[in-house]
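Quick notes on the structure that follows.
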Amino acid sequence: MGKNVAEVPPLEMEQMLKWMYMSLWAYIASLTCIKLSIMVFYKRLFVTAWFQKAVKVMIVVIILYGLAALLDCLFVCWPVSKYWDLSESGHCINEWPIFYTNAGK
């Protein structure tokens, strides 16, 4: 947010992490919806039987991957509030592999 992390007050850091958490699942959901809309467009545009089948398979793959990515982002920490409250006891998984995977999907 334009500041060194050491200079950010704890309350401001907590608010920033809450917004970051909400943006994660919104980002994944929007990516999935965009990909589905492209597949529906392809389904209308190309009418050959093999392409229709390929598009249907891709729609299923996109939905399944989108759900898996969404669940990964929703439950990156357990309890969920551990994501923004670093003093709370709990466990968080390494979120960077999730970010890199979603960026490349």
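By the combined test of axial Cα extent (at least 18 Å) and Kyte-Doolittle hydropathy (mean at least 1.0), the qualifying DSSP H helices of the chain come to 49-74.
Lysine pair count for segment 11-104 with Cα-Cα distance under 13 Å and sequence separation of 8 or more or different chains is 5. Please go through segment 1-70 and write out the chymotrypsin sites (Phe, Trp or Tyr not before Pro) that DSSP classes as loop and that have at most 14 other C-beta atoms within 10 Å. When the chymotrypsin sites (Phe, Trp or Tyr not before Pro) of segment 1-70 are filtered for loop state and at most 14 Cβ neighbours within 10 Å, F46 remain.
Report the full-extension gain for the segment L64 to K43: residue separation times 0.36 nm, less the Cα-Cα distance, to one decimal in nm. Mind dumping the intermediate values first?
Numbers: separation 21, 0.36 × 21 = 7.56 nm, distance 1.86 nm.
Once the chain is fully extended between L64 and K43, it gains 5.7 nm.
For I93 and S23, calculate 0.36 nm times their separation in residues minus their Cα-Cα distance, and state this gained length in nm to one decimal.
23.4 nm
Quote to one decimal, in nm, the extra length available between F75 and M16 on full extension: 0.36 nm per residue of separation minus the C-alpha distance between them. Before the final figure, lay out each step's value.
On the way: separation 59, 0.36 × 59 = 21.24 nm, distance 1.79 nm.
Length difference between fully extended and current span is 19.4 nm.
At q = 0.10, 0.11, 0.13 Å⁻¹ the log10 of I(q)/I(0) for segment 7-93 amounts to -0.40, -0.46, -0.57, computed by Debye summation with a single uniform scatterer per C-alpha, solvent ignored.
Bear in mind that the values in this text are calculations on the coordinates, not laboratory data. Just so it is clear, the structure is predicted and the values come from calculations on it, not from any experiment. Cβ atoms come from the backbone with ideal geometry, glycine included; neighbour counts cover every protein chain shown.
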